[in-house]
Amino acid sequence: MAQKKPWGGRFRQKTSKLVEEFTASIHFDRRLYPYDIEGSLAHCRMLARQKLITKDESRLIIDGLRAIKKEIDQDQFIFTPSLEDIHMHIEKALVDKIGPAGEKLHTARSRNDQVATDVRLYLRDKVQEIIGLIKKLQQSLVGLARRYSDVIMPGYTHLQRAQPVLLAHHLLAYYEMLKRDRERFFECLKRVNVLPLGSAALAGTGLPIDRRYVAKLLDFPSISANSIDAVSDRDFAMEFLADCSILMVHLSRLSEELILWSSSEFSFIEIGDAFCTGSSIMPQKKNPDVPELVRGKAGRVFGHLLSLLTVMKALPLAYNRDMQEDKEALFDTVDTVARVLTVYSAMLGQIEIRRDKVNKAVQKGFLTATDLADYLVLREVPFREAHAIVGRIVRYCLDRGCELTDLSLDELKKFSDRIEADVFEYIRPEKSVESRVSTGGTAPGLVLAALKAAEKELK
Ligand code: ARG
């Protein structure tokens, strides 16, 4: 059914159906309705307080808006593309419900400051939800680290075995990333939490409104300083998408590791059956689809960031309809990130570390070669020389297909007369991690303290 447009006064022709459908955003912006109504309630109270509408009119508007909210909540509201967006739907429903008083709600307001307010209210909610979900994920991560706090694994660089590290230390690296992610979202919240309403279309309004009062009602700690900026700024949304993208980078890296570790080649972990899927043709398969999809969804979130950056990059001030394209990117990102965080926390609780395999991996690949070089340094061999000596020892082992620990003292002494019987103690993986006591290192004492600190922080 075609509707008379609230903006139809200057038009002679009816809007083309094609255009109605092309410009409509109602199929996605309807999810803003609770925020749109919240903003309108505050706006209405301010209008009454400023005597721009009467107390009776304000009463009617408030009751009307609440009734509309109920109808939408209960799926009894009819949406139609000819009413474009959620703002016009609610205004039209209000006028239908309460008559002329409803036509006063849009006093001193434009959809430009209205939509900016709605999106900020929405994002304020969602950012806090995401911060909470990240914390839950950190808890799962720390729980996993705690369960296996004694496990030593190979640390890697270039995906080649490098030095022994505690598995908990490796996992706590992700804890740190997630901690920074949470900080970033808290930062983002500061810039989301600014009230644009009262900027009207772009220039402000001549009517005697009270923006501070609206900000107080909507619990915004600050109000925008420039009306042109207020209606054309989507920095806060880009920042949110950037923060989500960085978070997804972190989760994608962890996913990559979980995928590798669950392969037969590594066999470091077993992801619970409930969190894996099978193959329709290969009966033996058990696939790590959850981390794979998380890795894939990172691409999707980065795409949303790039899409909004591109939408905004050449827009002249102030509002342009292009900006309606911000919403699907935002909504899909919020949905994706929330789902990813939720499933990830649950999955981490279902991961078992295969101690036997991890242990075995630590024994092979000359992981303590650096420790042997350090041993020589402590016996006054210059580090470069020590490095060369150990390099020759490794070459000798490679030629014989053995490990450092398989060599006899006599064999070792051929490479350096500084090597004594106590060397074997030095090149044990346990001794290696114990020795890494520099701040932030993998020594068990430090890692246990870090684990404790993380647990305390997450309380
Ligand atoms: N649906 C629009 C958006 O999402 C609302 C603002 C429209 N303003 C306008 N003057 N056409 O951006």
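The numbers here are math on the coordinates, done by the rules we state, and not lab data. The structure presented is a predicted model; accordingly, all values stated were derived computationally and were not measured. When we count neighbours, we look across all protein chains shown, and the Cβ atoms used for this are built from the backbone with ideal geometry, even at glycine.
Evaluated with a Cβ-only charge set (Lys, Arg +1; Asp, Glu -1), the range 91-170 carries a dipole of roughly 180 debye about its Cα centre, given to the nearest 20.
Short-range pairs are left out: with C-alpha atoms under 8 Å and at least six residues apart, the relative contact order of the range 309-459 is 16 percent. Taking a Cβ cut-off of under 15 Å around GLY441, the surrounding Lys, Arg, Asp and Glu residues balance to a net charge of -3, with basic ones at +1 and acidic ones at -1. What the Cβ-Cβ distance of ASP96 and LEU159 gives, at R0 = 51 Å and to the nearest 0.05, is a FRET efficiency of 0.20.
Between the listed residues GLY143, ALA101, THR368, the Cα displaced farthest toward the positive end of the dipole of the chain, a dipole computed from Cβ unit charges relative to the Cα centre, is found at ALA101.
Annotation: extensible slack from GLU425 through ARG321 equals 30.4 nm (criterion: 0.36 nm per residue apart, minus Cα-Cα distance). Counting neighbouring beta carbons within 10 Å and listing from fewest to most, the residues TRP261, TRP7 come out as TRP7, TRP261. Ordering ILE152, GLN163, CYS188 by the projection of their Cα atoms onto the charge dipole of the range 144-241, which places +1 on the Cβ of Lys and Arg and -1 on the Cβ of Asp and Glu, puts ILE152 at the extreme positive end. Measuring r between the beta carbons of THR405 and THR439 and using R0 = 30 Å, the FRET efficiency lands at 0.55.
Placing unit charges on the Cβ atoms of the charged side chains and taking the dipole of the chain about its Cα centre, the candidate lying farthest along the positive direction among SER262, VAL249, THR405 is VAL249. Figure legend: label point modelled 7 angstrom from the Cα of SER280 along Cα→Cβ; residues of the range 286-320 with amide N under 16 Å from it are 287. Spin-label model, THR54 to PHE77: label points 7 Å out along the Cα-to-beta-carbon direction sit 2.8 nm apart.
About its Cα centre, the dipole of the chain is roughly 1280 debye, where the only charges are +1 on Lys and Arg Cβ and -1 on Asp and Glu Cβ. Computed from point charges on the beta carbon alone (+1 for Lys and Arg, -1 for Asp and Glu), the dipole magnitude for the range 19-157 about its Cα centre is near 780 Debye.
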